[in-house]
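Inspection log for the structure reproduced underneath, given as structure tokens.
Every read-out reported here was derived from the displayed coordinates using simple, explicitly stated rules and does not represent laboratory data. Everything numeric in this text was worked out from a predicted model, so none of it was measured. FYI the Cβ positions are ideal-geometry reconstructions off the backbone, even for glycines, and counts take in every protein chain you see.
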Amino acid sequence: MELLHIKDISVTVEGKQILSNIDLSIGKGKVFVLFGPNGSGKSTLMKSIVGISGYNIISGDIIFEGRSLLNLSIDERAKFGIAMMFQHPPKVRGVKLSQLARMLCNDKKKIEKYIELLNLGYLFDRDLNVDFSGGEMKRAELLQIILMRPKLILLDEPESGVDIENISIMGKVLDEYLKESGASCFVISHTGYIIEYVKATDGCLMLDGNLYCVGNPYKLFETIKEYGYEKCKECDIRHA
Amino acid sequence: MHEELNNLSEKDLLDAGIDLKERQRSATFVQIDEKPSLFRTMFEGIELLPTEDAIKKYPRFEQYIGKAFSAINKDFPRDTKGGFFLLVKKGANVVFPIQVCLFLKKKSFSQKIHNVILVEEGATAYVINGCTSDKASKDSLHVGVSEYYVEKGGYLNFTMIHSWTEEVSVQPKSVALVEEGGVFVSNYVCLKPVREIVMYPSCVLNGRGSRASFSSIILGHKGSLQDIGSRVVFRAEETSAEILSRTVSMGGRIIARGHLKAQCPSVKAHLECQGLIVSEKGSIHAIPELETDYRDVDMSHEAAIGKISKEEIEYLASRGIDENTARSVIIRGFMDTDILGLPEELRMQIEGLKEKLTDSSM
Ligand SMILES: Nc1ncnc2c1ncn2[C@@H]1O[C@H](COP(=O)(O)OP(=O)(O)OP(=O)(O)O)[C@@H](O)[C@H]1O
Ligand SMILES: [Mg+2]
């Protein structure tokens with residue numbers, strides 16, 4: 001069953017075209033990995049799904065559970081079950097992590113459980129992302145996302161800045177959530193660490209705003225590591 | 001309870017920090033229009049009386065009338081009626097706040113009062129001064145003339161909560177004198193609509209090692225003018241002060257002033273005005289001033305005015321929070337009560353009020 005269908009979209013940012021005719025489908029319960037070099041447009045794709053302003057979809061459509069997302073506000077998309085972990089979340093001065101957690105979830109026990117699992121107790125009364133370290137920021141993001149109980153999780157480089165032990169902690173929390181909820185996950189990764197903890201089902205490569213090579217994520221990652229991104233582009237199993 | 005007080009809304013008073021049940025309070029003073037209606041103390045280290053009565057009872061207090069004003073060559077208005085005189089006796093450590101309430105009830109009435117606080121040597125006190133008015137008090141004026149004296153090693157934590165109604169104009173005039181090693185902490189909160197407030201309280205650091213801190217949280221509603229500042233004058237060495245303000249305009253006009261004036265060397269001072277404009281029609285004018293005749297001072301200021309960042313709103317929206325809620329959560333966070341040195345119970349009360357007012361006006 002299909003959960004999200006990105007239907008041939010092109011996206012401009014400040015008048016410049018960043019994504020060209022991206023077509024991609026994510027099935028229910030699948031873990032889809034997006035690889036690609038810096039600046040290729042990966043975050044742009046995720047922000048377009050979430051509906052962040054300034055990312056203009058000039059053609060195509062995004063279908064989630066059979067409905068187009070394009071005319072929905074950011075919070076409506078979130079309420080439909082889409083949650084994104086930001087690559088660079090903004091600082092929100094005066095708003096505490098604890099306050100946001102309580103807005104996202106009424107179940108105190110559940111909040112406590114994840115606070116404990118993700119070792120966030122000491123950050124709970126701090127202002128959101130203000131002076132958080134790289135790893136702390138990612139753990140706090142994961143907490144928020146899990147508390148939202150989404151159907152589709154978008155992870156923009158969940159491992160970047162996170163130490164080995166914390167990647168393992170985050171990986172386990174994520175894996176457990178995906179298993180119990182049956183949610184799907186779309187994840188951007190440079191290092192591939194995260195797919196050692198969650199079982200990835202699909203992968204693809206983005207280069208210069210175009211998608212290449214939809215296939216087995218582990219094989220794809222091996223190929224990239226061995227031959228580099230550019231070579232990958234020339235490979236003849238190109239789909240998309 | 002006093003019968004005149006029966007007619008006052010307990011909830012309105014709580015919004016101004018005044019608890020008529022006197023839970024965790026050490027003294028209470030209530031003045032309605034021109035008349036002190038209630039005053040009593042539950043703690044022996046303090047006396048709280050109408051100013052006229054206090055002077056009769058203790059003629060030596062006469063010397064404090066107008067003394068702070070003349071220290072900065074400011075005209076002292078003598079035509080006042082009512083007001084409170086608070087004496088915190090030498091060495092007394094008053095843990096629970098002393099509450100004073102100035103209430104405007106009549107229409108077209110001018111309440112002009114004189115308050116004195118004297119914190120004697122080594123004493124400590126927390127004061128909550130709640131000012132509020134009845135819906136009926138249209139076109140009324142409140143002029144509060146206040147003088148605060150903090151003697152050697154004393155500590156005064158003074159919180160003024162303005163909780164007026166739209167039709168009232170307010171002009172508090174106050175001067176604090178702080179002696180050697182003394183500390184004056186002034187918190188100011190004004191969240192409810194008001195027609196006009198003009199105030200520029202001053203503090204003179206007279207004694208070596210004395211310290212002052214002014215923090216204000218101001219919410220400007222449509223149709224209001226709030227011209228509010230704080231001034232610290234340094235007249236002794238090794239003194240320090242901090243002035244912080246967080247102003248939010250939801251359509252009102254706010255002038256946020258601050259003035260640090262060093263009249264001697266070895267002074268450390270910082271001034272910070274932060275403003276947030278939420279409505280197209282709002283206006284904020286920040287006027288921070290630093291002034292010194294000496295080289296050996298460390299004085300700085302920071303002023304920033306802006307709107308709510310779209311990125312922050314969208315971030316919260318991506319968590320499923322609708323835009324209006326996100327906006328009010330951010331505004332409430334900006335008016336951070338942690339910058340105030342408040343007792344916890346009072347801080348919670350102000351948080352509640354903030355929530356109510358930012359939600360209702362979005
Ligand atoms: N808001 C924006 N304003 C201007 N340019 C933008 C904006 N967002 C993205 N871009 C540009 O679009 C291109 C793609 O950026 P994007 O963030 O999607 O890359 P990415 O694949 O996520 O890279 P990385 O791996 O470094 O995170 C870059 O050239 C970037 O500078
Ligand atoms: Mg990126």
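A compact table of results
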| quantity | calculated |
| --- | --- |
| Gyration tensor verdict on chain B (Cα atoms; rounded if a/c is under 1.5, prolate if a/b is larger than b/c, oblate otherwise) | oblate |
| Integer Hz, Karplus 6.51/-1.76/1.60 couplings in order for the stretch B:61-72, x for Gly and Pro | 6, 3, 4, 7, 6, x, 5, 5, 5, 5, 4, 10 |
| The stretch B:150-185: chymotrypsin sites (Phe, Trp or Tyr not before Pro) in DSSP coil with no more than 15 other Cβ atoms inside 10 Å | none |
| Qualifying trypsin sites (Lys or Arg not before Pro) in the stretch B:9-99, DSSP loop, other Cβ atoms within 10 Å at most 10 | B:21, B:23, B:78 |
| Backbone HN-Hα couplings from phi across the stretch A:167-173 [Karplus 6.51/-1.76/1.60, Hz, Gly and Pro as x] | 4, 5, 4, 5, x, 5, 4 |
| Principal-axis tilt of helix A:217-234 within chain A, Cα atoms, nearest 10 degrees | 50 degrees |
| Computed Kirkwood radius, in angstrom, where 1/r is averaged over Cα pairs of the stretch B:59-128 | 14.1 Å |
| Between the stretch B:238-258 and the stretch B:99-123, the Cα center-to-center distance that results, in Å | 23 Å |
| Helix-only [θ]222 nm of the protein assembly as shown, DSSP H runs n ≥ 4, -39500 (n - 2.57) each, per residue, nearest 500 | -7000 deg cm²/dmol |
| Chain B: antiparallel DSSP beta bridges as a percent of all, rounded to 5 | 10 percent |
| Placed amide H near residue B:275: partners under 5 Å, 5+ positions off or other chain | B:247, B:304, B:305, B:306 |
| In the stretch B:102-186, the trypsin sites (Lys or Arg not before Pro) that fall in loop regions by DSSP, at most 12 other Cβ within 10 Å | B:107, B:135 |
| Share of pairwise Cα separations in the stretch A:107-196, more than 22 Å, in percent | 21 percent |
| Semi-axis lengths, Å, the protein assembly as shown, gyration tensor of Cα atoms, sqrt of 5 times eigenvalues | 59, 24, 22 |
| Residue with peak Gaussian network fluctuation, chain A [Cα springs, cutoff 10 Å], from A:41, A:66, A:171 | A:66 |
| The stretch B:14-96, relative contact order in percent, only Cα pairs under 8 angstrom and at least six apart counted | 33 percent |
| DSSP-defined antiparallel bridges as percent of all bridges, chain A, nearest 5 | 60 percent |
| Listed residue pairs exceeding 30 Å between alpha carbons, taken from A:138/B:222; A:91/B:281; B:152/B:354; B:74/B:135 | A:138/B:222; B:152/B:354; B:74/B:135 |
| Sites excluded, GluC sites (Glu not before Pro) in DSSP loops with at most 12 other C-beta within 10 Å, longest stretch of chain B | B:45-279 |
| Sequence-distant residues sharing a close amide H with residue B:241 (under 5 Å, placed H) | B:212, B:268, B:269, B:270 |
| Distance from the stretch B:150-222 to the stretch A:79-112 (C-alpha centre basis), Å | 36 Å |
| Rel. contact order, % - alpha carbon contacts under 8 angstrom, at least six apart, the stretch B:219-276 | 46 percent |
| Tail fraction, Cα-Cα pairs, the stretch B:229-362, threshold 26 Å, whole percent | 36 percent |
| Contact order normalised by residue count of the stretch B:227-362, Cα under 8 Å, 6+ apart, percent | 21 percent |
| Residues with amide H under 5 Å from that of residue B:195, placed H, sequence gap 5 or more | B:167, B:168 |
| Rough spin-label spacing in nm, given labels placed 7 Å along Cα→Cβ, for residue B:294 and residue A:149 | 6.4 nm |
| Kirkwood-based Rg to Rh ratio, the stretch A:29-90, C-alpha trace | 0.94 |
| 0 to 90° range, to nearest 10: angle between helix A:134-148 axis and chain A longest Cα axis | 90 degrees |
